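**Q** Sharing a structure below in structure tokens format, with a few things to ask.
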Amino acid sequence: MEVSAHGLPEWLLPVARLAETIEPRQLSRFLPPPQGGGRPSAVLVLFGEGADGPELLLMERSGSLRSHAGQPSFPGGALDPEDGDPDEEGPLRAALREAEEETGLDPSGVQVFAVLPRLYIPVSGFVVTPVLGWWRRPSPVGAVDPAETARVFTVPVADLTDPANRATTVHPSGHRGPAFLVGSALVWGFTAGVIDRILHFAGWERPWDRAKHVSLDWRA
């Protein structure tokens with residue numbers, strides 16, 4: 001499976017460049033166990049061009065799921081045997097397959113242009129490879145299986161970089177991390193962490209108030 005940054009729009013080049021040099025610890029302090037272990041998985045970080053400019057595809061997980069219920073996230077999930085070797089093209093195939101299964105997108109319209117270092121989600125034991133894609137030929141998307149996906153939506157990058165939409169939240173474990181109040185959703189946890197680091201290292205981040213806190217039950 002080809003990974004190529006050829007023909008990307010100019011605005012997306014900073015993301016392609018950061019992927020070439022970024023170190024795992026620049027992305028997260030949660031890294032895969034050194035002795036191995038963890039369940040190999042992948043997510044698709046898909047950038048597109050919408051009515052409001054550059055945007056990112058997200059989905060909201062069903063509230064009935066066993067792990068990360070109700071959380072906004074990137075499309076993705078665990079590798080299946082048919083995806084292939086986790087150390088080779090397996091994560092790329094898994095990211096596209098899961099995105100198709102969850103959102104209905106046509107993977108043939110996605111150009112994979114980079115892969116970020118593997119990260120770890122301690123609460124679920126997933127070792128996650130973020131696969132970066134350019135939605136070269138957009139296709140209709142929506143929640144394919146309501147038991148898995150509550151909704152699928154896109155968020156303008158301009159909304160993600162708007163300081164008014166940024167805050168810090170506290171996970172039940174006590175870990176503090178970035179959050180985004182966008183698209184009538186609170187994006188937090190692993191997904192928000194990856195978005196935060198992409199914005200920072202791509203040079204898109206705008207100064208925001210890190211003392212502003214939002215509760216995970218912010219709708220209450």
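**Q** Specify the residue that is surrounded by the most Cβ atoms within 10 Å (Cβ to Cβ); the eligible residues are those in region 123-168 that are free of Cβ contacts under 8 Å to residues at least 60 places away in the same chain and aliphatic (A, V, I, L, M).
**A** Looking at the filtered set, the residue picked out is Ala167.
**Q** Next question, about the same structure. Only residues in region 170-184 that are touching a residue at least 12 places away in the same chain (Cβ under 8 Å) count as the first member; pair them with residues that are part of a loop (DSSP other than H, G, I, E, B) and buried (at least 20 other Cβ atoms within 10 Å of the Cβ), Cβ under 6 angstrom, at least 6 apart or cross-chain, and list the lot.
**A** Pairs found: Ala179/Trp188.
**Q** Just checking, does region 104-122 include any residue being out of contact with any strand residue (DSSP E or B) (no Cβ under 8 Å at 6 or more places or on another chain) and modelled with pLDDT under 95?
**A** Yes, because at least one residue in region 104-122 is out of contact with any strand residue (DSSP E or B) (no Cβ under 8 Å at 6 or more places or on another chain) and modelled with pLDDT under 95.
**Q** Hey, another quick one. Name the residues in region 169-220 that are of a type in the set (Gly, Ala, Ser), open to solvent by less than 30 Å² (accessible area, probe 1.4 Å) and more than 18 Å from Leu27 (Cα to Cα), would you?
**A** Scanning region 169-220 gives a single hit, Ala185.
**Q** In region 41-75, which residue that is at pLDDT 95 or above and of a type outside the set (A, V, I, L, M, F, W, C) is most open to solvent (accessible area, probe 1.4 Å)?
**A** Glu49
**Q** Restricting the first residue to region 1-29 and requiring it to be without any contact (Cβ under 8 Å) to a residue 60 or more places away in the chain, which pairs with a second residue that is open to solvent by less than 100 Å² (accessible area, probe 1.4 Å) meet a Cβ separation below 6 Å and a spacing of at least six or different chains?
**A** Between residues of region 1-29 that are without any contact (Cβ under 8 Å) to a residue 60 or more places away in the chain and residues that are open to solvent by less than 100 Å² (accessible area, probe 1.4 Å), the close pairs are Trp11/Pro54.
The values are calculated or read from the model by the stated rules, or taken from the named source; none is laboratory data. Please read these numbers as outputs of a predicted model, since none were measured by experiment. For neighbour counting, all protein chains shown are included, and Cβ atoms are generated from backbone atoms with ideal geometry for every residue, glycine included. Ligands, DNA and RNA are stripped out before the accessible areas are found, and what is left, the full protein with its side chains, is counted by its heavy atoms. Shrake-Rupley method; radii C 1.70, N 1.55, O 1.52, S 1.80 Å.
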